[in-house]
Amino acid sequence: MPVSCAHRYRIAVGVLTSIVGVAGCGIIDGGDTDTSVVQTMVTSTAPVSMAVSSSGSSTSTMPVVDVDPRRFALPGMAGYYRWVYPGSPARTCGFYPAGGDMAAQCFVTFPAGAPEVRNGPFHGSPNEILISVGQVVRSIGEELPAPARPLQPGERITVSGISCTALVGGIECTDDGAGFRFVDGRLREW
């Protein structure tokens, strides 16, 4: 499904707002947060594939535990959440408000030869993947080194219908039938 220019712009503005906002936060830990967008969390025992073999098939499953998103909320930034997911190296993901919707942003390594993208002042190979309103978009941005709490394998965080689950060596995020999985350097989008 093609993504409209207006939708890409909304996501890009949200990413830039997220980057600028987080840059001014300093250490990200604790503090009061607005939890109005947090959905009620229920522990799930539905198994999720935790790793992908070289052929792309699932190699193991384990139960998923929903976590309280408030653990990952950015102090003083209502609607913003950030965490580190497992991998080598560990990378960051987060949720942020984007044009009246919620979006997820994860930094990943794209395969060599991925088409270049443009996002505001950034232009080049993509290094992040965004998901919002049921669409996955490749983008480019600056990953900030500020500390973030880890989301452990088997933990899932959900805000406004977008869910991200930490896997052994990666992350999987879904929203309204769309999603992506990045495990051990391999990216799959749907």
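Between the beta carbons of S125 and R186, assuming R0 = 25 Å, the FRET efficiency works out to 0.90 to the nearest 0.05. What FRET efficiency, computed as 1/(1 + (r/R0)^6) with R0 = 25 Å and r the Cβ-Cβ distance, is obtained for E116 and A78, rounded to the nearest 0.05? The formula returns an efficiency of 0.15 here. Dipole magnitude for region 134-190: computed about the Cα centre from +1 point charges on Lys and Arg Cβ and -1 point charges on Asp and Glu Cβ, it is near 120 debye. Panel note: the C-alpha atoms of region 124-180, placed on their principal axes, show extents of 32, 29, 20 Å (largest first).
All of the numbers you see were taken from the coordinates with simple rules; none came from a lab. This structure is a prediction, so every number in the text was calculated from the model and none was measured. So basically every Cβ, Gly included, is an ideal-geometry build from the backbone, and we count neighbours across all protein chains shown.
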